[in-house]
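Worksheet: the structure to be examined is printed underneath.
The values are calculated or read from the model by the stated rules, or taken from the named source; none is laboratory data. Please read all numbers here as calculations on a predicted model, not as lab measurements. Neighbour counts are summed over all protein chains in view; Cβ atoms, including those assigned to glycine, are modelled from backbone coordinates with ideal geometry. Please note that ligands, DNA and RNA were not included when accessible areas were found on the heavy atoms of the full protein model with its side chains. Shrake-Rupley method; radii C 1.70, N 1.55, O 1.52, S 1.80 Å.
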Amino acid sequence: MNKKIASTLTILIVDDDKVVSKLISKMLEGRFKKIVLAYDGEEGFERYKEGGIDLIISDNVMPKLKGSQMISKIREIDENVPVIMMTAYMDKKELIDFINLRVTQFLPKPFKK
């Protein structure tokens, strides 16, 4: 992503693992205009509804609302916001669901250095 464009964007990171959320936030700090954190799908959806989110990075397996369920609710409001899904496990059905939800990219977990 172009650094100039990235510096104008607000991203939402949604992961129930606070260590992972803060690690990703730290890695991206200074590259984006603003980083918003949420620790489950329900909170992620609420943060998204507050407005101004340009990109979503989300885990899938979380309490209260799975990432796929959160993205489905967001798609009812916004069909175009880019989504990067992080997941340690994905079966064929989930992959098809993510494609239908127009997930932009996938990041495998756990992260490798």
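Residue by residue, here is whether (1) over 19 Å from residue 53 (Cβ atoms); (2) of a type outside the set (Gly, Ala, Ser); (3) over 16 Å from the mean Cα position of the chain (by Cα) holds:
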position: 69; (1), (2), (3): no, yes, no
position: 75; (1), (2), (3): no, yes, no
position: 80; (1), (2), (3): no, yes, no
position: 84; (1), (2), (3): no, yes, no
position: 88; (1), (2), (3): yes, no, no
position: 93; (1), (2), (3): yes, yes, yes
position: 101; (1), (2), (3): no, yes, no
position: 109; (1), (2), (3): yes, yes, no
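Within the stretch 86-99, no residue satisfies the criterion of being touching a Ser or Thr at 6+ places or on another chain (Cβ under 6 Å) and part of a strand (DSSP E or B).
Scanning the stretch 103-113 for residues that are of a type outside the set (A, V, I, L, M, F, W, C), in contact with a strand residue (DSSP E or B) (Cβ under 7 Å, 6 or more places away or on another chain) and assigned to a loop (DSSP other than H, G, I, E, B), we see that the one that is most open to solvent (accessible area, probe 1.4 Å) is 104. Might you let me know whether the stretch 20-36 holds any residue that is touching an Asp or Glu at 6+ places or on another chain (Cβ under 8 Å) and farther than 26 Å from residue 5 by Cα? Taking every residue of the stretch 20-36 in turn, none turns out to be touching an Asp or Glu at 6+ places or on another chain (Cβ under 8 Å) and farther than 26 Å from residue 5 by Cα.
Residues that are under 10 Å from the mean Cα position of the chain (by Cα) and in contact (Cβ under 8 Å) with a residue 60 or more places away in the chain occur at least once in the stretch 10-26. Selection of the stretch 84-102 for residues being surrounded by 17 or more Cβ atoms within 10 Å (Cβ to Cβ) and modelled with pLDDT of 90 or more yields only 85.
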